[in-house]
Amino acid sequence: MKDRIVFMTGATSGLGKVAACHIANKGAKLIVLVRNTQKGKQLLVDYKKLYPEGKGAIELVEGNLNSFESIIRACQCIKDKYAHLDMIINNAGIMNFSLTETVDGIEETLQVNLLAPILISHLLFDLLVKSKASKIINTASGLHQGIINFDNLEFKKGFSSFKSYRQSKLGLILLGRLLAKELESDKIKVYSQHPGMVRTELGRSAGWLSKAIFWLMGKSPEKGAQTLIYLAETVDASLVSGEYYANKKVTKITPESYDLNVAQQLLDVVQQYLEPYIKQSSPIFDIKEKPTI
Ligand SMILES: NC(=O)c1ccc[n+]([C@@H]2O[C@H](COP(=O)([O-])OP(=O)(O)OC[C@H]3O[C@@H](n4cnc5c(N)ncnc54)[C@H](OP(=O)(O)O)[C@@H]3O)[C@@H](O)[C@H]2O)c1
């Protein structure tokens, strides 16, 4: 990890915080997106406490995945400062127990868990290209069963926390596979990962019973961070781009998660959501030149 420049979301809590400190300790320059400055500062304090001799550094950039404008500002800050990026870790995620809308008026699970990581990967793609070898790691979940509900993507008609969460993670896995295929002959690799059931703040908006079950059955964040750390540290030649990893291994999952036709259909819908924010092409979104009048 020495001198690798890594951008990461979801590093202020849970398994992401453990992975972030580990990756920085190995010598990476870690840029962390934070929506809560206090938690960002606490991350810096905890990193120093955990690894006083840590070889790398953590830097904070403000941003909230709840707002596309905020994501754009954060990505612009990174582009203003860095000429290349070696890794993007899209780890932030939520599970809501009631229908909530973002600043952009979109169901929050869809935006934070799916639209935001795709927009980030698109906006920072030109920095990944400038690295000798780069990768995108998306934190998905073992909860990804079912289908993409194209008719009711935001679950605004009959909200279900599990259905919206599962759909967002299935979408992330599908688009990861599609992007990996697009980049087949490229040096940029894409991976999805499942951390297992982990004792974190993910169920913060759940009732006490669900929280208790989560807490009793979940493994420690230290254990939950292991697959993410493995993917970040392992050379790409030993990994399979586009694949879904659990327990540090490629894992076979539901047939729906391999359907690249559905992935393409989903990408088209995602592009419609993100259209106003896409100014240039990348392997994720190929936009046609707008004719000048
Ligand atoms: N825990 C599990 O059992 C489990 C299982 C499978 C997959 N996962 C996935 O693992 C990832 C990490 O979750 P976790 O379990 O460690 O939960 P967590 O403790 O709740 O951490 C979530 C992280 O995402 C950040 N985040 C959430 N919404 C955001 C927003 N709008 N803008 C910016 N950052 C935002 C949080 O920031 P704050 O610190 O500011 O809240 C936090 O750093 C998620 O993608 C989750 O879906 C978890």
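The values are calculated or read from the model by the stated rules, or taken from the named source; none is laboratory data. None of these values were measured; they are calculated from a predicted model. Cβ: placed from backbone, ideal geometry, glycine included. Neighbour counts: every protein chain shown.
For the reader, a short list of remarks on this structure follows.
- Failed condition for L44, given (1) away from the ligand (no atom under 13 Å from the Cβ); (2) assigned to a loop (DSSP other than H, G, I, E, B); (3) surrounded by fewer than 23 Cβ atoms within 10 Å (Cβ to Cβ); (4) in contact (Cβ under 8 Å) with a residue 12 or more places away in the chain: (2)
- Candidates I106, I78, I137, filtered to the one that is in contact (Cβ under 8 Å) with a residue 40 or more places away in the chain, within 15 Å of the ligand (Cβ to nearest atom) and within 15 Å of the chain's Cα centre (by Cα): I137
Rundown of residues vs (1) in a helix (DSSP H, G or I); (2) among the polar types (S, T, N, Q), yes/no style:
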position	(1), (2)
Q145	no, yes
F159	no, no
S164	yes, yes
Q167	yes, yes
L170	yes, no
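- Residue check for K181: away from the ligand (no atom under 15 Å from the Cβ) and over 19 Å from the mean Cα position of the chain (by Cα): no
- Boolean, F150 is among the aromatic types (F, W, Y), touching a strand residue (DSSP E or B) at 6+ places or on another chain (Cβ under 9 Å) and touching a residue at least 40 places away in the same chain (Cβ under 8 Å): no
- If you go through segment 129-147 and keep only what is under 10 Å from M87 (Cα atoms) and crowded, with 17+ Cβ neighbours inside 10 Å, you end up with S131, S134, K135, I136, I137.
- When residues in segment 90-103 are screened for being in contact with a helix residue (DSSP H, G or I) (Cβ under 8 Å, 6 or more places away or on another chain), away from the ligand (no atom under 11 Å from the Cβ) and aliphatic (A, V, I, L, M), 0 of them pass.
- Candidate set: segment 9-41, residues that are in contact with a strand residue (DSSP E or B) (Cβ under 6 Å, 6 or more places away or on another chain) and part of a loop (DSSP other than H, G, I, E, B); chosen: the one nearest to L114 (Cα to Cα): A11
- Selection from segment 195-222 of residues that are among the small types (G, A, S), more than 8 Å from the ligand (Cβ to nearest atom) and under 22 Å from Y244 (Cβ atoms): none
- Going through (1) at pLDDT 95 or above; (2) basic (K, R); (3) farther than 27 Å from L266 by Cα; (4) within 13 Å of the ligand (Cβ to nearest atom) one by one, K130 falls short only on (4).
- The single residue among T227, T292, T251, T234 that is among the β-branched types (V, I, T) and at pLDDT below 90 turns out to be T292.
- The single condition among (1) touching a strand residue (DSSP E or B) at 6+ places or on another chain (Cβ under 6 Å); (2) not in a loop (DSSP other than H, G, I, E, B) that N113 does not satisfy is (1).
- Taken together, V190, V235, V250, V240 contain a single residue that is within 21 Å of I118 (Cα to Cα), out of contact with any Gly (no Cβ under 7 Å at 6 or more places or on another chain), away from the ligand (no atom under 15 Å from the Cβ) and not charged (D, E, K, R), which is V240.
- Qualifying residue in segment 49-68 (condition: more than 17 Å from R166 (Cα to Cα), free of Cβ contacts under 8 Å to residues at least 12 places away in the same chain and within 15 Å of the ligand (Cβ to nearest atom)): no
- When segment 47-66 is filtered for residues that are surrounded by fewer than 17 Cβ atoms within 10 Å (Cβ to Cβ) and within 22 Å of L274 (Cα to Cα), only E62 remains.
Yes/no per residue for (1) surrounded by fewer than 14 Cβ atoms within 10 Å (Cβ to Cβ); (2) outside any strand (DSSP E or B); (3) out of contact with any helix residue (DSSP H, G or I) (no Cβ under 9 Å at 6 or more places or on another chain):
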| residue | (1), (2), (3) |
| --- | --- |
| L202 | no, yes, no |
| F214 | no, yes, yes |
| Q272 | yes, yes, yes |
| E275 | yes, yes, yes |
